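Asks: Quick one: the structure is below, and I'll ask about it shortly.
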Amino acid sequence: ARARTAAAALTALMPRVKRPTGDDFWVLRRFGYTEAENPMHAVVCMAGSGAMMSEPFRCGALEPTAEELLEGAARAARAAGFAPSMLATDSLAAMPGMQAALREAGAAAG
């Protein structure tokens, strides 16, 4: 339910995306892949241009959930006033849940 809610909030802003600067492609990336590298379980939302779309956010574990990533992306989209046309993550475990929630919300998810 949380993933569906976050995906709906994110996709509600998608039709307004027309960003020639590369800001329409976002990556949700962890600060590190071990507890030693990322003890705060931090994730950053970065645009294709290299711009940070939000402040880093914390997840409950080193491997973020689809819900946590979609909620972070939705917060970034609200702050930016637009959502990406493409969203990627370095968390392979979270990807199926993200894809399912985005599809349910009417967004293309590959």
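Asks: Could you check which residue among Ala80, Ala100, Ala66 shows the biggest mean-square fluctuation in a GNM of the chain with a 10 Å Cα cutoff?
Replies: With Cα springs under 10 Å in the chain, the top fluctuation among Ala80, Ala100, Ala66 is at Ala80.
Asks: Take the solvent-accessible surface of the protein heavy atoms, probe 1.4 Å, and return the percent of it on segment 25-110 that carbon and sulfur atoms account for. Spell out each step's value before the answer.
Replies: Numbers: 2490 of 4160 Å².
Taking all protein chains in place, segment 25-110 shows 60 percent carbon and sulfur surface.
Asks: So between Tyr33 and Met95, what do we pick up on full extension, going 0.36 nm a residue minus the alpha carbon distance?
Replies: Working: separation 62, 0.36 × 62 = 22.32 nm, distance 1.62 nm.
So the chain would gain 20.7 nm between Tyr33 and Met95.
Asks: Then there's this: Where does helix 95-104 land angle-wise versus the long Cα axis of the chain, in degrees 0 to 90, nearest 10?
Replies: Helix 95-104 sits at roughly 30 degrees to that axis.
Asks: Ignoring ligands, DNA and RNA, what accessible area per residue does the chain give at 1.4 Å, in Å²?
Replies: On the way: 5680 Å² over 110 residues.
With the other protein chains kept in place, the chain gives 52 Å² per residue.
The values are calculated or read from the model by the stated rules, or taken from the named source; none is laboratory data. This structure is a prediction, so every number in the text was calculated from the model and none was measured. These area figures cover heavy atoms from the full protein model, side chains too; ligands, DNA and RNA do not enter into them. Shrake-Rupley method; radii C 1.70, N 1.55, O 1.52, S 1.80 Å.
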